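K.L.:
Questions regarding the structure given below will be posed in turn.
The values are calculated or read from the model by the stated rules, or taken from the named source; none is laboratory data. What you are looking at is a predicted structure, and each value in this text was computed from that prediction instead of being measured. Neighbour counts are summed over all protein chains in view; Cβ atoms, including those assigned to glycine, are modelled from backbone coordinates with ideal geometry. With ligands, DNA and RNA removed, areas are computed over all heavy atoms of the protein, side chains included. Shrake-Rupley method; radii C 1.70, N 1.55, O 1.52, S 1.80 Å.
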Amino acid sequence: MIPEPPPGFQQLQIAAGFAADFGPIYAKREGERVWFGFRVGADHMNPRGVAHGGALATFADMQLAALMRMGRLEAKQSPTISLSLDFLAPARTGDWVEGEIVLVKRTGRLAFSETILTIDGSAVVRAKAIFSHSDRAASLDAPRPEPPPIPEPIPPPPQGFAPLDPGPGFGAFFGPIGFRADPPRIGFRVARRHVNLFGLCHGGALATFADYQIAPLRRGRVVEGPFGATLSLNVDYLGPARLGDWIEAEPILVRATGRYLFTQAILSSTDGPVARSTAIYAVAKGEG
């Protein structure tokens, strides 16, 4: 039986999409202070048995949603502009992860927020984000157009892409990823499970895909050895990714040291770049 959230937390009502399928997300408000939290489940795991970086990124991307749904901000369409995460310690199945959301600044067009996610008071992730939150943005209560249908059958990956196992847990939840060897690159097709309420790819889904940028470098033998933990992940959202789009990335190994791997990647659709990402990975024990 899944333990109840701590006292004062109530489940956020998320109608559909990537965030809804992620699992229950909770929040509480005391005056002007807002916290959000979730219980780490088996569906949030990576192959090493700890919470997937993409799962923690997806949760961190809900900062503004929690502020809006708890009445701290107006409920408006607010796409993510930038998301930055430092992974400080692992989260495991059954852990309760929570963080107080600090609204650093609000302008006429942007909202800046940050949080430190903790387990039993110990920090596991530091996250900061910038969201578009214009006074002119559409209300979340306004009618939304139905997203266009995806042709059936779903288009296959472009020629030359072979399946890349995304792993169990959150990788399986995210879905199929394709790999092409020359040059090493990865891609995925935006499906209904990846979208938000507005029919666009959820910021957490793009962050999850960005967290795989080390995978094609290993598969292509640009770097050797087992996978190490993600230490830092940064994503700048440059344009919308739509239902049915093929998104691909050609990661670059910027530098490798005895302890760290530094990478970067541009995520693009046929219409152009949709996100820019940088990451730092630990060199796994026994490598280097």
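K.L.:
Please go through the range 267-282 and give me each residue that is under 16 Å from the mean Cα position of the chain (by Cα) and either of a type in the set (Phe, Trp, Tyr) or over 22 Å from GLU224 (Cα atoms) (or both), ordered by number.
P.N.:
LEU267, VAL274, ALA275, ARG276, listed by residue number.
K.L.:
Return the residues of the range 246-287 that are closer than 25 Å to PRO157 by Cβ and of a type in the set (A, V, I, L, M, F, W, C); say none if nothing qualifies.
P.N.:
TRP246, ILE247, ALA249, ILE252, LEU253, ALA265, ILE266, LEU267, VAL274, ALA275, ALA279
Conditions tested, residue by residue: (1) open to solvent by less than 10 Å² (accessible area, probe 1.4 Å); (2) within 26 Å of ASP165 (Cβ to Cβ); (3) among the aromatic types (Phe, Trp, Tyr).
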{"residue": "PRO3", "(1), (2), (3)": "no, no, no"}
{"residue": "LEU67", "(1), (2), (3)": "yes, no, no"}
{"residue": "GLY71", "(1), (2), (3)": "no, no, no"}
{"residue": "LEU85", "(1), (2), (3)": "yes, yes, no"}
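K.L.:
Restricting to the range 161-199, give me the number of residues that are open to solvent by 50 Å² or more (accessible area, probe 1.4 Å), over 16 Å from ALA241 (Cα atoms) and either in contact with a Ser or Thr (Cβ under 7 Å, 6 or more places away or on another chain) or in a loop (DSSP other than H, G, I, E, B) (or both).
P.N.:
5
Quick grid of which residues meet (1) outside any loop (DSSP other than H, G, I, E, B); (2) open to solvent by less than 20 Å² (accessible area, probe 1.4 Å); (3) under 22 Å from ASP182 (Cβ atoms); (4) among the polar types (S, T, N, Q):
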residue	(1), (2), (3), (4)
ARG218	yes, no, yes, no
GLU224	no, no, yes, no
VAL235	yes, yes, no, no
VAL254	yes, no, yes, no
SER268	yes, no, yes, yes
ALA275	yes, yes, no, no
THR278	yes, no, no, yes
TYR281	yes, yes, no, no
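K.L.:
For the range 15-112, which fully contained helices (runs of 4 or more DSSP H) count at least 2 residues that are farther than 20 Å from PHE174 by Cα?
P.N.:
Result: 63-69.
K.L.:
Output the residues belonging to the range 39-55 that are in contact (Cβ under 8 Å) with a residue 60 or more places away in the chain and either touching a Leu at 6+ places or on another chain (Cβ under 7 Å) or not aliphatic (A, V, I, L, M) (or both).
P.N.:
ASP43, HIS44, ASN46, PRO47, ARG48, HIS52, GLY53, GLY54
K.L.:
Can you find, within the range 242-258, the residue that is farthest from ALA205 (Cα to Cα) among those that are at pLDDT 95 or above, touching a helix residue (DSSP H, G or I) at 6+ places or on another chain (Cβ under 9 Å) and of a type in the set (A, V, I, L, M)?
P.N.:
LEU253
K.L.:
Hey, another quick one. Checking THR263 against (1) without any contact (Cβ under 8 Å) to a residue 60 or more places away in the chain; (2) open to solvent by 10 Å² or more (accessible area, probe 1.4 Å), which single condition isn't satisfied?
P.N.:
Condition (2) is where THR263 drops out.
K.L.:
Run down LEU85, LEU73 and say which single residue is of a type in the set (A, V, I, L, M) and modelled with pLDDT of 95 or more.
P.N.:
It is LEU85.
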